Amino acid sequence: MKVMKKAKVEKVIEALAKEHDVYVPIQRGAQTGFFSYRTYNEDYDDIMLDTLNVYQPPKSIVFPQTEKMYGFKSEGQKINIDQVFEESEPKIIFGLRSCDLKAIDYLDELFFTKSYEDEFYRARRKSTVMIVNACYNPGTSCFCDSMGVSPNEPENADVLIHDIGEGDFAWEAKSDKGEAVTELIKDLLEEQEATLPTLKNFKRKVDYEGVAEKLKDMFDHPMWEDMSYPCHNCGICTYMCPTCYCFDIQVKTAGEEGYRFRCWDSCMYREYSQMAGGHNPRELDKERFRNRFLHKLQFFQERYGEPLCTGCGRCIVVCPAGVSIIKVIEKVKEADV
Amino acid sequence: MREITNQIKDIARKLFEEKKIDMFLAWEKSEFDFQSMPFFARSAEEVEKIIFDEFSVHNLSNALLRFRDGKQRIGIVVKGCDSRGIVRLLEDHQFTRDRLYIVGVCCPGMKDPLKAFRNESGFEKTANADLEADKCNDCIQPNPVIYDVLLGEEQPPRMQGERFKKVKEIEAMTPDERYAFFEDKLSTCIRCYACRQACVACNCRTCIFDESRPQWVGREANTSDNMMYHIIRASHMTGRCIECGECERVCPVHIPLMLLNQKLIKDVDSFFGPFDAGLKYEEGAKPPLSQYRENDPDDFL
Ligand code: SF4
Ligand code: SF4
Ligand code: SF4
Ligand code: SF4
């Protein structure tokens, strides 16, 4: 089996970074996320391949929080679109976890299927290689296997690496893209015997079976109001979620010129569902709270056959009010309808 | 704290039995030992779930905004900082005193459930050794300033050393250094608006950041729009922030919001003071910046 030795990890990243913009899990000051290796600063940053995951999920690499779409200039009565900002520089996400890869699979479903293909997403996505770090030690907030994600044998990885102890990683190319990047660094890998670790038990489980079906009859259930009381209707859970994809399209102008951009938006905000005529179909906090869970657990399931939650646990950790999607699923299971 | 929990339960149970309240705001325990979360009891039976412990850090006065248009009579547990939040709501005419039954608890300092969960999560490389909520280290008023009943022993202020020390360090910087400092800090804000949502003083019905006709602040999460967001948010807190520290505590990317708030607290105090918002409630009182006086200083303009 091919092995990337501890001492070679940074060399591998450096070698890949020659032709790619490589994103690595990094602790940067008080923050953790996937940051471009080009911005890596030894004095300030700490690479996190040995920890469970990072707060800011990698979705922003293929679907940035703010993304320019096109620029325009007006001349008299005419408007000319003079720039289209498609971004297709080759990229590698190095060391993402299965839950976050699955989340990107869901973005693929959204942006590529059901008769519409989003060019901006396609340009970024097609040029991105996924080097997935298999999980054998699920954390306290992880419940990916309950949501149909395999932590150590993900589908659709380009390369799969396995922590085999001592900071060494077994390296397996899993796709043509994966073979191609492996070729770039083959001299840095060693051929040796390696035993893969065994997957430890999950501390968290939740039974999602039948939830989408049951939710159909629970739109007006009183539990939504009860559960929404502690919630601040902030957007932390949606912005930190690897799967949440809602966005808005807006424009910025200066004199005769301007550009259109899209930016993440959150169903937790009143403005999100505000309509031009003044009506708001989700005026109440509880309606916005409910929407977040119905979208994840019912609507996405109905449209794409899977729930829009990969069990990464981030929203549970970061919620300042202690709201938990696991609790919500359990409440749905228990509820009388 | 078990003693205080029992006292709170007794009071809440009695209030329900005597039909004096429709709802009681306190905390309940969630899955982990460190997970205390806001709880909204609506009957004497539900009172049994109530707890008050070292993780009861949330400022529940903010949750009252949810009920500002209702008629419910509400019992609520407040620590020192939270009680100043109640004063904020009364001064801002968001709530009337007669709808509230306030249980004040003298606060010995809280731990932060978010810190504890971060330690457990594996989403960070280094663990926080101490779980003390940062906001409690700057606390000047641990004892409630408004209450119907007071529990626990009066506590000394937890703030040690010089007040506004961090603010003074920033003031000592050159304008360029200061700009660079805030550019670095604010560029990573993800504009989730949690700092606004958790704030009791952010009680406008339609927030300027949600206005779309016209849109006052751009929605791009970049340095310039972020700075605009933060300048406006902070300046709307001038003379109004009650220093509960919730904004900074809830921020998922650790933006030092209290630095901005404290700068304004310091300025209001030195220009119009002595003054700290929400330290006492007097009906009809006009705190600084809620009225105009001819001799108001204006050399900072
Ligand atoms: S569930 Fe938590 S993180 Fe999400 S909007 Fe509510 S308070 Fe914010
Ligand atoms: S809903 Fe929560 S647990 Fe599920 S994918 Fe999003 S952040 Fe992770
Ligand atoms: S400062 Fe923090 S809490 Fe406030 S909007 Fe920015 S990221 Fe969210
Ligand atoms: S600005 Fe921050 S510290 Fe001040 S009242 Fe609001 S949440 Fe509390």
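The values are calculated or read from the model by the stated rules, or taken from the named source; none is laboratory data. Here the structure is a predicted model, which is why all the values come from computation and not from measurement. Heads up, the Cβs are rebuilt from the backbone with ideal geometry, glycines too, and the neighbour counts pull from every protein chain shown. Side chains are part of the model used for accessible areas, which takes the heavy atoms of the whole protein and leaves out ligands, DNA and RNA. Shrake-Rupley method; radii C 1.70, N 1.55, O 1.52, S 1.80 Å.
Across segment A:1-34, the number of residues qualifying as open to solvent by 40 Å² or more (accessible area, probe 1.4 Å) and in contact with a strand residue (DSSP E or B) (Cβ under 7 Å, 6 or more places away or on another chain) comes to 5. Please count how many residues of segment A:205-236 are in a helix (DSSP H, G or I) and either open to solvent by 20 Å² or more (accessible area, probe 1.4 Å) or under 25 Å from residue B:43 (Cα atoms) (or both). Final tally of qualifying residues: 8. Considering B:194, B:234, B:198, the condition of being within 25 Å of residue B:138 (Cα to Cα), away from chain A (no Cβ under 11 Å) and open to solvent by less than 20 Å² (accessible area, probe 1.4 Å) is satisfied by B:234 alone. Against the conditions (1) over 30 Å from residue A:98 (Cα atoms); (2) open to solvent by 40 Å² or more (accessible area, probe 1.4 Å); (3) without any contact (Cβ under 8 Å) to a residue 40 or more places away in the chain; (4) more than 16 Å from ligand 1 (Cβ to nearest atom), residue A:284 satisfies every one except (4).
Look at segment A:237-261: where a residue is without any contact (Cβ under 8 Å) to a residue 40 or more places away in the chain and a partner is of a type in the set (Lys, Arg) and surrounded by fewer than 18 Cβ atoms within 10 Å (Cβ to Cβ), sitting 6+ places away or on another chain with Cβ atoms under 8 Å, you get A:250/A:260; A:251/A:260.
Of B:188, B:223, B:174, all but one fail to be away from chain A (no Cβ under 14 Å) and away from ligand 4 (no atom under 13 Å from the Cβ); the exception is B:174.
Looking only at segment B:107-142, residues that are away from every other protein chain (no Cβ under 14 Å) and either touching a Pro at 6+ places or on another chain (Cβ under 8 Å) or open to solvent by less than 20 Å² (accessible area, probe 1.4 Å) (or both) come to 8 in all.
Counting the residues of segment A:97-130 that are over 20 Å from residue A:263 (Cβ atoms) and touching a Phe, Trp or Tyr at 6+ places or on another chain (Cβ under 6 Å) gives 1.
Is it true that residue A:239 is modelled with pLDDT of 95 or more, within 11 Å of chain B (Cβ to nearest Cβ) and not in a loop (DSSP other than H, G, I, E, B)? When the stated conditions are applied, residue A:239 passes them.
Taking the criterion of being open to solvent by 20 Å² or more (accessible area, probe 1.4 Å) and near ligand 2 (Cβ under 9 Å from one of its atoms), the only residue of segment A:287-318 that qualifies is A:315. Among the residues of segment A:247-285, those identified as out of contact with any helix residue (DSSP H, G or I) (no Cβ under 9 Å at 6 or more places or on another chain) and within 18 Å of residue B:193 (Cβ to Cβ) are A:247, A:250, A:263. Taking helices (runs of 4 or more DSSP H) as the structural unit, those lying wholly within segment B:79-161 and holding at least 3 residues that are over 30 Å from residue A:139 (Cβ atoms) correspond to B:80-91. Checked against the criteria, residue B:30 counts as surrounded by fewer than 24 Cβ atoms within 10 Å (Cβ to Cβ), closer than 28 Å to residue B:121 by Cβ and small (Gly, Ala, Ser). Quick check on segment A:319-337: of everything there that is open to solvent by less than 10 Å² (accessible area, probe 1.4 Å) and in a helix (DSSP H, G or I), which residue is nearest to the other protein chains (Cβ to nearest Cβ)? By that ranking, first place goes to A:326. Only a single item in (1) in the same structural domain as residue B:170 (by TED's automatic domain parsing); (2) open to solvent by 20 Å² or more (accessible area, probe 1.4 Å) is not met by residue B:203, and it is number (2). When segment B:157-207 is examined, which residues are found to be under 28 Å from residue A:230 (Cα atoms), away from ligand 1 (no atom under 16 Å from the Cβ) and of a type in the set (Gly, Ala, Ser)? Once the filter is applied, which keeps residues that are under 28 Å from residue A:230 (Cα atoms), away from ligand 1 (no atom under 16 Å from the Cβ) and of a type in the set (Gly, Ala, Ser), segment B:157-207 yields only B:201.
Going by the conditions given, is residue B:122 among the small types (Gly, Ala, Ser) and either under 21 Å from residue B:259 (Cα atoms) or under 22 Å from the mean Cα position of the chain (by Cα) (or both)? No, not satisfied.
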